[in-house]
Amino acid sequence: MADPSSYRPKPGQIPDSPGVYKFRDEHRRVIYVGKAKSLRQRLASYFQDLSGLHPRTRTMVTTAASVEWTVVSTEVEALQLEYSWIKEFDPRFNVKYRDDKSYPYLAVTMNEEFPRVQVMRGQKKKGVRYFGPYGHAWAIRDTVDLLLRVFPVRTCSAGVFKNAARTGRPCLLGYIGKCSAPCVERVSPEEHRELAEEFCDFMAGRTGTYIRRLEARMTEAAEEMEYERAARLRDDIEALKKAMEKSAVVLADATDADLIALAEDELEAAVQIFHVRGGRVRGQRGWVTDKVEAVTTGDLVEHALQQLYGEETGDSVPKEVLVPALPELVEPVQQWLAERRGSNVSLRIPQRGDKKALMETVQRNALQALGLHKTKRASDLTTRSRALEEIAEALDLDSAPLRIECYDISHLQGDDVVASMVVFEDGLARKSEYRRFQIKGFEGQDDVRSMHEVITRRFRRYLAEKEKTGEWADGETGLTEEDGRPKRFAYPPQLVVVDGGQPQVAAAKRALDELGIDDIAVCGLAKRLEEVWVPGEDDPVVLPRTSEGLYLLQRVRDEAHRFAITYQRAKRARRFRASPLDDVPGLGETRKQALIKHFGSVKKLRSATIDQICEVPGIGRKTAEAITVALAQAAPAAPAVNTATGEIMEDEEYATDATDATDATDAESETTAGSAGEPVSAGSSDERRGQER
């Protein structure tokens, strides 16, 4: 515990101007980020008598070892910089709202030639129109099913679309009139885009005009005695009205607004947001956070606004934001929102009428969310604490293992041998700390030798990051002043778990002994009988089947296996998708795609002349000659087989299907940071434990 006076800036050093400040701990990690209208006044408040500070603030200043600041010209710039740093450094003492789930959106991919309506989660993409978020994906599908009758927009995946275009037969929705079937050219791209724009207009709240237009067309058809067309229009109107009933009118003046309500106690706060568009509730979401700093209701509102609109622009930021309390500095926040929207934004507390009544409804939702969260958390905390205590008792540890790391080896009959490292802190998965390894020391299949290599590499990095005094290094792999985030292997675990039995445990222990590390416990969990093995023991530790400790170890082991098998499959898929064009020097991905698009397949490209290859935009004669040589040296690939039907596919068909499969995986997979900083698909658990480990 540090004494704040030991790092207190000298009088006169701190400027009396707006800015953003960072507190760092002894390891140079950023633990708190704040902003101030006057840096001098705000920072001085942290260095008063400790007894006069809020308990959470007192904990923060005694954990910190230094403070630094950055001067900005306006309070709006301070707000923007504070948001950026909180997002970058993830300080432990800052309030951070986290979704308790990934909310689904109704998305229309207007960035494609033929826009597609679908359910989307996660990061928003440029050129896609989003509506929501919704509480459940089935609510989106029910609404879309009703609207497709009137707006028959494409909903199929890229693979289904290309297959229909190739065969000349639309899917089932095309036959029953719920898709305009642009895949078989029933409508032109322009007509289909117009349908998608009308769908977006309806979802954005412009419903009355469109329904009145349909009613006029129905009346006209009836007068002209075209009764079948009139009946169809009547059914379309009923479908639209039924879809509108799913989101009742709550504000009569067709208001576009977000309503934010809070429920809080001394330790936690829950926030609920209702998104109202065109007077109707179009989406709802909520978060719960720990109050790790001394904050007022206005501060919580400000943090919620940063979370909601930090990545949004344009119409995603509404004209009006209704809140239960205003931030301390309301004008900079309002100006920041206006800059993100591109026009004025009203930030206020509703005082009377329908908006105040709706705010009370949002408040009740926040209270219920906080109560439900506390009920779940009390149970979770008790269970996790009991599990950690049981593990400590079974393995004869001095204290509960608050950080557990688990390692697993994965391969396919000795090929693509990889390993995973997953981290659990306080009994919960810490996915940002997951790491993955390629086995480099030898070729072939040897799980014991692989485990020894992985443990050695991981803890050699840990030792390299320590100074002689035990502090963290300031080198490339340490925690530097410029980058206050924890690096790859900065923290040692209290317990290392390996997926395997006595041989794997012995290999892990031997690796630690060779590095001189003797304060980290090691155990292994064997799959067959779920026995816990410890180093140097001939008999395993058998935990009761109902033990919470055994259940936690199983979860850790299964997560390590899932992460390893996902990486191994990704490596295998990349190897299978390798192309002879990869060996052509200077030929990038864009020109590869241009070649395949021009010729249709590698097979046709292989039979092309140099002059024909030069016809592709961006391909010169020298590059064309290199392509011809590379394709001539590479043996033709074996024919691909459709594993579902058993048929042999031509190169063109295989290339298309492989691309579609990749697109589908990229769209649906959850991503987890790997050791090289690249996304790693987090797929389902392994269902083939025989050949595939």
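Counting only protein heavy atoms and using a 1.4 Å probe, what share of the accessible area of the stretch 1-41 belongs to carbon plus sulfur, as a whole percent? With neighbouring chains kept in place, the figure for the stretch 1-41 is 46 percent. Per residue, the stretch 23-84 exposes an accessible area of 43 Å² to a 1.4 Å probe, with every protein chain left in place.
Given +1 at the Cβ of Lys and Arg, -1 at the Cβ of Asp and Glu and no other charges, the dipole of the stretch 1-136 around its Cα centre is 240 debye to the nearest 20. Between Arg116 and Thr109, the built amide H atoms are under 5 Å apart, and every one of these is 5 or more places off in sequence or on another chain. Thr623 sits among other residues whose Cβ lies under 12 Å from its own Cβ, and their net charge, with Lys and Arg +1 and Asp and Glu -1, is +3.
A cut-off of 5 Å between modelled amide H atoms, ignoring neighbours fewer than 5 places along the same chain, links Glu320 with Asp258, Ser346.
Add +1 for every Lys or Arg and -1 for every Asp or Glu among the other residues with Cβ under 11 Å from the Cβ of Leu543, and state the total.
Net charge in that neighbourhood comes out at -4.
Taking θ as phi - 60° and the Karplus parameters 6.51, -1.76 and 1.60, the scalar couplings of the stretch 590-602 work out to 5, 6, 4, 5, 5, 5, 5, 5, 6, 9, x, 6, 5 Hz in sequence order, x denoting glycine and proline.
Which FRET efficiency value, to the nearest 0.05, do you get for Thr62 and Gln368 by plugging their Cβ-Cβ distance into 1/(1 + (r/R0)^6) with R0 = 22 Å? Let's see the in-between values first.
Working: r = 37 Å, r/R0 = 1.66.
The calculated FRET efficiency here is 0.05.
Please give the per residue volume of the convex hull enclosing the alpha carbon atoms of the stretch 1-47, rounded to a whole number of Å³. List each step's numbers first, then the result.
Details: hull volume 3.6 nm³, N = 47.
Dividing the Cα hull volume of the stretch 1-47 by its residue count gives 77 Å³.
Were the residues from Thr313 through Glu198 laid out at 0.36 nm apart, the gain over their Cα-Cα distance would be 39.2 nm.
Using only the alpha carbons of the stretch 352-440, what is the convex hull's orientation-averaged projected area in square nanometres? So the Cα hull casts an average projection of 10.9 nm². Our note on the geometry: Cα centres of the stretch 266-298 and the stretch 550-571, 34 Å apart. Between amide H atoms placed 1.01 Å from N, distances below 5 Å from Ile31 occur with Phe23, Arg24, Asp25, all of them 5 or more places distant or on a separate chain.
Each residue of the stretch 547-554 is assigned a 3J(HN,Hα), and the resulting list reads 6, 5, x, 5, 4, 5, 4, 5 Hz, derived from the Karplus form 6.51 cos²θ - 1.76 cosθ + 1.60 (θ = phi - 60°), x at Gly and Pro. Temperature 4 °C, viscosity 1.567 mPa s: under these conditions the Stokes-Einstein estimate for the stretch 1-113, based on its Kirkwood radius over C-alpha pairs, is 82 µm² per second.
Remark: the stretch 216-225, residue by residue, has Karplus-estimated 3J(HN,Hα) of 5, 5, 5, 4, 4, 5, 5, 5, 8, 6 Hz, where x stands for each Gly or Pro and the curve is 6.51 cos²θ - 1.76 cosθ + 1.60 at θ = phi - 60°.
Mind giving me the FRET efficiency for Arg8 and Ala357? R0 is 56 Å, r the Cβ-Cβ distance, nearest 0.05 is fine.
Values: r = 50 Å, r/R0 = 0.90.
Step by step, r from the Cβ atoms, then E = 0.65.
Accessible surface of Thr313, taken over heavy atoms with a 1.4 Å probe and every protein chain present, rounds to 90 Å².
Once the Cα-Cα distance is subtracted from the 0.36 nm per residue extended length, the Asp49 to Asp415 segment shows a gain of 125.5 nm.
Subtracting the Cα-Cα distance of Glu185 and Thr590 from their residue separation scaled by 0.36 nm leaves 143.0 nm.
To the nearest 10, the accessible area of Asp539 is 110 Å² with a 1.4 Å probe.
Largest accessible area first, the residues Glu537, Glu530 order themselves as Glu537, Glu530 under a 1.4 Å probe with ligands, DNA and RNA left out. With protein chains left intact and a 1.4 Å probe, residues in the stretch 553-604 average 51 Å² of accessible area per residue.
Taking the accessible area of the stretch 285-346, probe 1.4 Å, and keeping the other protein chains in place, the carbon and sulfur fraction comes to 40%.
With the Cα gyration tensor of the stretch 586-626 giving a ≥ b ≥ c as the square roots of its eigenvalues, does the rule (a/c under 1.5 for rounded; else a/b larger than b/c for prolate; else oblate) give rounded, prolate or oblate? It comes out oblate by the Cα gyration axes.
Assuming a viscosity of 0.890 mPa s and a temperature of 25 °C, what translational diffusion coefficient in µm² per second does Stokes-Einstein assign to the stretch 286-383, Rh being the Kirkwood radius over Cα pairs? Please report the intermediate quantities before stating the final value.
Values: Rh = 15.1 Å.
Diffusion coefficient, whole number: 162 µm²/s.
Direction-averaged projected area, Cα convex hull, the stretch 520-564: 3.8 nm², rounded to one decimal. Put Met225, Met421, Met120 in order of accessible area, highest first, and with a 1.4 Å probe you get Met225, Met120, Met421.
Return the whole-Å distance between the Cα centroid of the stretch 319-341 and the Cα centroid of the stretch 131-163. After rounding, the separation between the Cα centres reads 34 Å.
The values are calculated or read from the model by the stated rules, or taken from the named source; none is laboratory data. Treat the numbers as computed from the prediction; the structure is a model and nothing was measured. Cβ atoms come from the backbone with ideal geometry, glycine included; neighbour counts cover every protein chain shown. The accessibility values were calculated without ligands, DNA or RNA, using every heavy atom of the protein model including side chains. Shrake-Rupley method; radii C 1.70, N 1.55, O 1.52, S 1.80 Å.
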